[in-house]
1. Which distance in Å, rounded to a whole number, links the C-alpha centroids of segment 474-490 and segment 152-230?
2. Just subtract the alpha-carbon distance of residue 744 and residue 427 from 0.36 nm times their residue separation and send over the number in nm, one decimal.
3. Can you list the GluC sites (Glu not before Pro) in segment 464-570 that are in a DSSP coil and have 15 or fewer other beta carbons within 10 angstrom?
4. Check residue 242: other-chain or 5+ apart residues with amide H under 5 Å from its amide H, H built from backbone geometry?
5. Using R₀ = 22 Å, calculate the FRET efficiency as 1/(1 + (r/R₀)^6) where r is the Cβ-Cβ separation of residue 118 and residue 768; round to 0.05.
6. Under the rule of at least 5 residues apart or a separate chain, name every residue whose amide H is placed under 5 Å from the amide H of residue 805.
7. Given R₀ = 45 Å, what would the calculated FRET efficiency be for residue 513 paired with residue 340, taking r from the Cβ atoms and rounding to 0.05?
8. Set the Förster distance to 30 Å, then compute FRET efficiency between residue 205 and residue 503 from the Cβ-Cβ distance, nearest 0.05.
Amino acid sequence: MRAPIPVSALTPFEARIEAATLREQVGRWDIAYHQNDAPEVDDATYDAARRRLGEIEERFPELVSGASPTAKVGAAPLEGFGKVRHAVPMLSLDNAFTDDDVREFEGRIRRFLALAPDQAINFVAEPKIDGLSISLRYEDGRFVQAATRGDGAEGEDVTLNIRTLIARGKLPETIAGAPRILEVRGEVYMAKADFLALNQRQEEAGDKLFANPRNAAAGSLRQLDPTITASRPLSLFVYALGDCSDQVADSHASFLDRLRGWGFPVNDRIERVAGADGLLAVYGRLGIDRAGLDYDIDGIVYKVDRFDWQARLGFVSRSPRWAIAHKFPAEQATTRLEKIEIQVGRTGVLTPVAHLQPVNVGGVVVSRATLHNEDEIARKDVRVGDVVVIQRAGDVIPQVVSVVLDRRPADSSAFVFPDTCPVCGAHAVRAEGEVAKRCTGGLSCKAQVKERLRHFVSRNAFDIEGLGDENIALLVDKDWITGPADIFRLEEKNTGIVRLQSYPGWGEKKVTKLFAAINARRTIGLERFIFALGIPQVGEATAKRLARHYGSFARWRESMLAAIARENEAYHELTSIEDIGPSVAGDLLAFFAEEHNLRVLDELCGPAVDCRARPTSVRLEEGVSTQEPSSPRRRGSMAPAARLYPIEETAFQRHAWIPACAGMTAERGRRFQLFRKRLSPRKSARCNVFIDGGRILTGQKWVKPGNDDTSDTVMPGLDPGIQTQPLLTVTDAEIIVAGNSPVAGKAVVFTGELVTMTRAEAKARAESLGAKVVGSVSKKTDYVVAGANAGSKLTDAQKLGVTVLTEDEWQALVGTT
């Protein structure tokens, strides 16, 4: 495969194709690593793809997407642990792999803060401990709670387990002179010597051995029985501040000094240095000393020292701007490739995975490696039976780097990538400009259904305990669930309950716990719901932006349906949202133009027009003329008009839009023809009959012709009606309000050259106060902040009568909040 075309040489068409491919690829890696606990690539490969995507979006702003790769960290809370909501999120870090990455990190900080070239930036460099992140909460100077990182927003309550470390003198139980509330973040780890001793005891007892110290530490802490944790040789380093009721220091270095004074274990290899040169010097020293340390480190974390600068720099969706992790190089080993398996993802992508003879790479036994795609296999000429070089960097599935050709078996043959899906047998096609083949089976392919449902219930979406990979596979294979709505109907299906209870490994207790977990997720926040839908290019960051902008599910759905027409106010509003360009908007609207997706939304949340109210009786001859849409609907389109219409027999001859409604399947069409025949002699009848997206709705009573007596019989031959109660409640988005913020919920546009703050700093400040920063001016814009040399956005604001503020007026408005 030829080297990638330089981004500067890409045509707009090539850029669009590659950006879409990269989002699909990196999105799949994210799901594998963060949701399925089955990572596929090393950090360097992931970071290179993410960086390439960013470069493309920077050169082609119309492709900018809020769904650019967003790493999520940690593991889903284990069943049995209570959950703790972090007062301050425990975010992940961006990565650096080269000296240039570190220098660019310093450069970004200088640009964001608008620092002079000769102004020094002091950093704190800390060994990146390879363990399990933990948050320790003290109230009134006494330890009260401990929680794992979890998904960054919510973790596992491991208070009793951490108390075993307090009992062994590893942590203070009380601290003098501390703020009323103090949260300290750190890393639980297992020393190398302790790990070897533990594995020796495990072997002697005939128990399973741990693969590496990190797994041993994580497994030991996440025990439902604290006595097991107490028996394990765990250690801990603290390194960060979480929630705090008072200011405890003005810099990170001075905060670490206070932690030492309170008796917390702080790593003695932490250094305070100036600039990128100082950071790289620490990296060189620790790289040499790394093997001699009694604990595993996989890199070094660099943090801006000054807390006031940290506050100004703020956060992006996945990480702080003021910190980065500089990773150590990958480790390699050789082994034999025994089989190439083709896996199918939720969007139909066929991904080759190498099955290997188990081999130890950097202390971890690995047996699988990613082969990426068809082109990579051909480029490296990877064959079954080859001896291959594999590479591992971090806690990921390795990648195949190369083939040892002089050890290739004489009878080997080139691998032939399949043209059909290995799961459903449908054709696998490769679109022009893409590297991946995709199964064309769609929802008839159970592999895709499984992956979509796994995404739907994943920890950053609905987070339903008890619906892991194996259980999802079982329920889909048995045809008990075929879509999201079926998950919330499981308990209602008596036959489903019986089958679950009778299936090996399932009993009454397990089934009851599963139903309880499902019912606990019948209320969900808007941003999680949007993310759970699995819309291409809509990751957590974009879902959050959409939720904050539209506020409620009803308004979001209504606006998306309206925006399908394009070039209208709803579409303009959508593309004005930060980081949502035509590409992301296109995927959102494609989702809402698909009738199957609308049926899923209707089933989960109720139809767009509330059908729970009983339809009003109308004279059939009058119904269509008074309430039909103003224009015909094309087959397959989803116009934003209400989808609840009265119907009459003759309407089906005059208006093509009725039989073309979404959901008018062949079976429903057959039933409707029966209905027409029964209706023909009853032209004067009053009847509660409506059509909603192709579904026939009936009231519970109807009046016979020429007779005011009512019958309790529903008209025969009709669908008995549809589900009237939503399965879910989607709560409105939380609006960030800082104090008495005057800009909370306001739409703000920045234009021109700002003097007292950089553009990035202004946007970050506005968002921290609850404002919605948008990229273009419309009638719904509340404020335009205009600096020097403001252009067309200022002109647009003046034409539309939008309030225009100078930079000083903006600062006066928000400065005291």
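1. Distance between centres, Cα-based: 38 Å.
2. The span from residue 744 to residue 427 would gain 109.0 nm if fully extended.
3. When the GluC sites (Glu not before Pro) of segment 464-570 are filtered for loop state and at most 15 Cβ neighbours within 10 Å, 567 remain.
4. The list, which skips near neighbours in sequence, is 183, 184, 185.
5. Working from the Cβ atoms, E equals 0.15.
6. Those lying under 5 Å, H to H, from residue 805 are 784, 785, 786.
7. According to the calculation, E is roughly 0.70.
8. Once rounded, the FRET efficiency stands at 0.40.
Rule-based calculations on the coordinates, nothing more; no lab input. Here the structure is a predicted model, which means the values were calculated and not measured. No Cβ is skipped: glycine too gets one built from the backbone with ideal geometry, and neighbour counts run over all protein chains shown.
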